[in-house]
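Student: Handing you this structure, nothing more for now.
No lab work stands behind these numbers, since they all come straight from the coordinates. Model, not experiment: these values are computed from the prediction. Cβ placement follows ideal geometry from the backbone for every residue including glycine, while neighbour counts extend to all protein chains displayed.
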Amino acid sequence: MEAEAATIPHLALADTDVNWDRMDKTRFHVIGAILFTVQQAFLHPTAVVKTRMQVAGSGFAHMRGTSVFTHILKNDGIPGIFRGFGTSAIGSLPGRVLALTSLEMSKDMMLKHTKDLDMPEATRIGVANGVAGMVSNLVSCVYFVPLDVICQRLMVQGLPGTTFCNGPFDVVCKVIKSEGFRGLYRGFGLTAVTQSPASALWWGSYGAAQHIIWRGLGYGDDLDKKPSHLEMVTVQATAGMLAGACSSVITTPIDTVKTRLQVMDNYGVGRPSVLKTAKTLLKEDGWWGFYRGFGPRFLNMSLYGTTMIVTYELIKRLSIRQT
């Protein structure tokens, strides 16, 4: 029994929250690129289903998410549920480096600046994570909004009100030709203003929740009791799932308007705006229309919250600088 117990890997509680100054940056970004691309492939079909359900006149708005998935699979096969994935996966690599670097650096700075403040540790960690999430989102929006416009247009090819494009470069050319460079930034203001607080809420809730759960289970850096790998993954996955589920409830109406704004070209009233898009959506389905695609988005964000944070924390542990 003693020999068996000795084989179970245990880590210090400090290893559940690996900060920027402890990581090998090159290893962090290389491992992150590989593992996050795999995670992105796993979740991409839910994003395709959600996007199609949010587009006006698609015929999918009042269908169940599973029915939309089956319809796409039946008519377009596997390539249909992975439309836009190649562009998204390859295009995300530079943006992910930008987002993760700004996230970890700003979190590290906040933890250092709040170290001597008189506040509960869970609150301090939550605030540091929240500020880091907001900063990371604001920085990465500059890169990811155009990529989002391109990918979502590829996802909705052939639906009423959309323009057919032959690949990502054709999307860029047609958008710039019809609207200029600003066309690639449709929904940028809405994304930055709304998603940044949502990102702050997600990361802040996750950081505080994880700290509270660990302390509730009786763990602490000053104790001999240390969590196993399985316990670590379970706690982090639970905190990530809760954060993702709550975030989806709050952000789905905004996401519906943003998606419409980014993919629709013809409302018959000139260039779409946030107000015009919201009014059209309200007229079509009432307030419930803002929750089009909620099921797939709830699933996407819950799964994303779980898989992303488990993957992210694993990447950080694998990237600990050897001393």
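Student: Given a cut-off of under 8 Å on Cα pairs at least six residues apart, what relative contact order in percent is computed for the chain?
Tutor: 29 percent
Student: I need the shape label for segment 14-118. Rule: rounded when a/c is under 1.5, else prolate if a/b > b/c, else oblate, with a, b, c from the alpha carbon gyration tensor.
Tutor: prolate
Student: Is there a quick way to get the dipole size of the chain? I mean about its Cα centre, with the Cβ of Lys and Arg at +1 and of Asp and Glu at -1; what is the value in debye to the nearest 20?
Tutor: Dipole about the Cα centre, nearest 20: 1420 debye.
Student: On to the next question. Using 7 Å Cα-to-Cβ label points, what is the residue 30/residue 71 separation (nm, one decimal)?
Tutor: Using points 7 Å along Cα→Cβ, the separation is 4.6 nm.
Student: Which whole-Hz ³J(HN,Hα) couplings does segment 82-96 yield from phi under the Karplus relation 6.51 cos²θ - 1.76 cosθ + 1.60, θ = phi - 60°, glycine and proline marked x?
Tutor: Ordered by residue, 3J(HN,Hα) equals 10, 4, x, 5, x, 4, 5, 5, 5, x, 6, 4, x, x, 5 Hz.
Student: Right, something else. Taking the 0 to 90 degree range and rounding to the nearest ten, how far is the long axis of helix 65-81 tilted relative to the main principal axis of the chain, both from C-alpha atoms?
Tutor: Orientation of helix 65-81: about 80 degrees from the principal axis.
Student: Tell me the label only: which of (i) 28; (ii) 20; (iii) 36 is percent of Cα pairs over 34 Å apart as calculated from this structure?
Tutor: Only one option fits the structure, namely (i).
Student: First measure r as the distance between the Cβ atoms of residue 112 and residue 163, then evaluate 1/(1 + (r/R0)^6) with R0 = 41 Å and state the FRET efficiency to the nearest 0.05.
Tutor: The value I calculate is 0.25.
Student: Please build a GNM for the chain, connecting alpha carbons under 10 Å apart, and tell me which residue among 74, 276, 50 fluctuates the most.
Tutor: Highest fluctuation among the options: 74.
Student: Around residue 23, which amide H atoms from residues at least 5 apart in sequence, or from another chain, sit under 5 Å from its own amide H, with H modelled in the peptide plane?
Tutor: Result for residue 23 returns 321.
Student: For n ≥ 4 DSSP H runs only, could you compute -39500 (n - 2.57) per run for the chain, divide by its residues and tell me the 222 nm figure to the nearest 500?
Tutor: The helix-only estimate for the chain comes to -25000 deg cm²/dmol at 222 nm.
Student: Moving to a separate point now. So how far apart, in nm, are the two label points at residue 230 and residue 123 if each is 7 Å from Cα heading toward Cβ?
Tutor: Going by the 7 Å Cα→Cβ label model, 3.7 nm.
Student: Working out 0.36 nm times the residue gap between residue 275 and residue 173, then minus their Cα-Cα distance, what length gain in nm do you get to one decimal?
Tutor: 34.1 nm
Student: For residue 285 and residue 42 in the same chain, what is the full-extension length gain: residue separation times 0.36 nm, less their Cα-Cα distance, in nm?
Tutor: Here the segment from residue 285 to residue 42 would lengthen by 84.4 nm.
Student: Pick from 282, 98, 35 the residue whose mean-square fluctuation is largest in a GNM of the chain, springs joining Cα atoms under 10 Å.
Tutor: 282
Student: Mean separation of Cα pairs under 8 Å and 6+ residues apart, divided by the residue count of segment 160-255: what relative contact order is that in percent?
Tutor: That works out to 28 percent.
Student: Over segment 111-220, what is the relative contact order in whole percent, taking alpha-carbon pairs under 8 Å and six or more residues apart?
Tutor: RCO, segment 111-220: 44 percent.
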